[in-house]
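Notes follow once the structure below has been shown.
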Amino acid sequence: MLIKRPDDIQPSEITPRSVFRDRRRFMRDTAGLAAAMLGGTLLGSRTASALATDKDARGPRIEGVVESSYRVDDELTPYSDITSYNNFYEFGTDKRDPALYGGDFTPRPWTVKVLGECEKPGEYDYEDVVKPHRLEERIYRLRCVEAWSMVIPWVGIPLADVLRRFAPTSRARYVAFRTVFRPDEMRGQHRPILDWPYVEGLRIDEAMHPLSLLTVGLYGEVLPNQNGAPIRLVVPWKYGFKSIKSIAAIEFTEKQPPTSWNRAAPREYGFYSNVNPEVSHPRWSQRRERRIGELFKRDTLMFNGYADQVADLYAGMDLKASY
Ligand code: MTE
């Protein structure tokens, strides 16, 4: 039993935080309102520019980020929750472990190995991967398979733009991603919780979809280690585990690549893992979710609310069989 059932999440992990948060949000919003009235401007409290004033934020800021139109209207999850309630099993299975133990990890210098069915394989420095691109801020919902969710202002670049630079061949039908294996820095890798290193994969059209984001920051700041520094995937219409952290290798393949959770529990986790309220996990329903910071559950939306953009990718497929 690796991923906790939603019922196993202690109410104490969530409720006091939400109460605390509501109070803090009230204080922040009141302060924002006062500032807006003073300046005679309208209150735009949920844009990332407002985040700059979030006292919780503490990473180095990223310069030159442009706001993109990919932004959901939901209330943002505070920085402190996004960076303290994590799944990153390389650092341990408790939600607090990645923030507690992620400090030992060294995300710089960093290289990404590119291999397989492409014309430009090689070992690329992090800077070579990211620098040629314009960084965008996008506000996405993240829905975890454990039936909780967050709303996160990511900073990243369209994955498609990066992949195209490696010139995939016509045989590239899938893209596989791999994290590092560094047990000295990632204490969870001393235990065989998963088959290390963590691997994930997408069909090439999913990887090329404009929503797929190669992510380097959140809240306008460099990604903290616990959120997948220095570079991770964010695929917002899929369960969170598809959004692999700390990517060290990208491989274009002809065959469907293995994925860590499918390997660990094939009956529970398929290759696609699209958010789907109609398809229950074998041990719990996926109909509802708890937004971190909220008391009451809300309905889970098909494709996590991105159906208009992505449903075409799966036309004609039986989503119950290909879960
Ligand atoms: N990536 C790696 N390398 N290792 C992991 O354990 N966990 C996944 C995903 N990426 C995981 C990973 C899961 S289950 C989730 S829900 C998301 O990361 C959580 O991302 P967040 O902590 O930034 O919210």
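Give the stretch 249-261 a look and list any residue that's of a type outside the set (Lys, Arg) and either over 25 Å from residue 186 (Cα atoms) or open to solvent by less than 20 Å² (accessible area, probe 1.4 Å) (or both), or say none.
Those that are of a type outside the set (Lys, Arg) and either over 25 Å from residue 186 (Cα atoms) or open to solvent by less than 20 Å² (accessible area, probe 1.4 Å) (or both): 249, 250, 252, 253, 254, 256, 257, 259, 260, 261.
For the stretch 65-83, give me each residue that is free of Cβ contacts under 8 Å to residues at least 60 places away in the same chain and of a type in the set (Gly, Ala, Ser).
Result: 69, 80.
Checking the structure you have, find out if any residue of the stretch 101-121 is open to solvent by 30 Å² or more (accessible area, probe 1.4 Å) and small (Gly, Ala, Ser).
Among the residues of the stretch 101-121, at least one is open to solvent by 30 Å² or more (accessible area, probe 1.4 Å) and small (Gly, Ala, Ser), which makes the answer yes.
Residue check, residue 135 against (1) touching a His at 6+ places or on another chain (Cβ under 7 Å); (2) more than 16 Å from the ligand (Cβ to nearest atom), all met but one. Which one?
Of everything listed in (1) touching a His at 6+ places or on another chain (Cβ under 7 Å); (2) more than 16 Å from the ligand (Cβ to nearest atom), residue 135 misses just condition (1).
Taking the stretch 143-171, which residues are within 16 Å of residue 216 (Cβ to Cβ) and either within 16 Å of the ligand (Cβ to nearest atom) or assigned to a strand (DSSP E or B) (or both)?
Result: 152, 153, 154, 155, 156, 157, 158, 159.
Only residues that are open to solvent by less than 60 Å² (accessible area, probe 1.4 Å), assigned to a helix (DSSP H, G or I) and within 28 Å of residue 196 (Cβ to Cβ): list them for the stretch 262-312, please.
Result: 262, 264, 304.
Search the stretch 215-241 for residues that are open to solvent by 10 Å² or more (accessible area, probe 1.4 Å) and pair each with any residue that is at pLDDT below 95 and among the acidic types (Asp, Glu) when their beta-carbon atoms are under 9 Å apart and the residues are at least 6 apart or on different chains.
Going by the 9 Å Cβ cut-off, the qualifying pairs are 225/104.
Of everything in the stretch 87-131, what is hydroxyl-bearing (Ser, Thr, Tyr) and not in a loop (DSSP other than H, G, I, E, B)? Give them in sequence order.
Going through the stretch 87-131, the residues hydroxyl-bearing (Ser, Thr, Tyr) turn out to be 89, 93, 101, 106, 111, 124, 126.
Residues satisfying the conditions are 89, 101, 111, 124, 126.
Report the residue count in the stretch 53-86 for those that are closer than 20 Å to residue 230 by Cβ and either in contact with a helix residue (DSSP H, G or I) (Cβ under 6 Å, 6 or more places away or on another chain) or not in a strand (DSSP E or B) (or both).
Here the count works out to 13.
Of the residues 156, 116, which single one is farther than 16 Å from residue 227 by Cα and in contact (Cβ under 8 Å) with a residue 24 or more places away in the chain?
Result of the check over 156, 116: 116.
Look at residue 174 and say whether it is under 17 Å from the mean Cα position of the chain (by Cα), in contact (Cβ under 8 Å) with a residue 60 or more places away in the chain and either open to solvent by less than 40 Å² (accessible area, probe 1.4 Å) or within 13 Å of the ligand (Cβ to nearest atom) (or both).
no
Tally up the residues in the stretch 67-95 that are polar (S, T, N, Q), more than 8 Å from the ligand (Cβ to nearest atom) and under 19 Å from residue 180 (Cβ atoms), please.
Adding up the residues that qualify gives 1.
The values are calculated or read from the model by the stated rules, or taken from the named source; none is laboratory data. Fair warning: this is a prediction, and the values are worked out from it, not measured in the lab. Here the Cβ is made from the backbone with ideal geometry for all residues, glycine too, and neighbour counts use every protein chain on show. Just the protein is used for accessible areas: all its heavy atoms, side chains included, with ligands, DNA and RNA removed. Shrake-Rupley method; radii C 1.70, N 1.55, O 1.52, S 1.80 Å.
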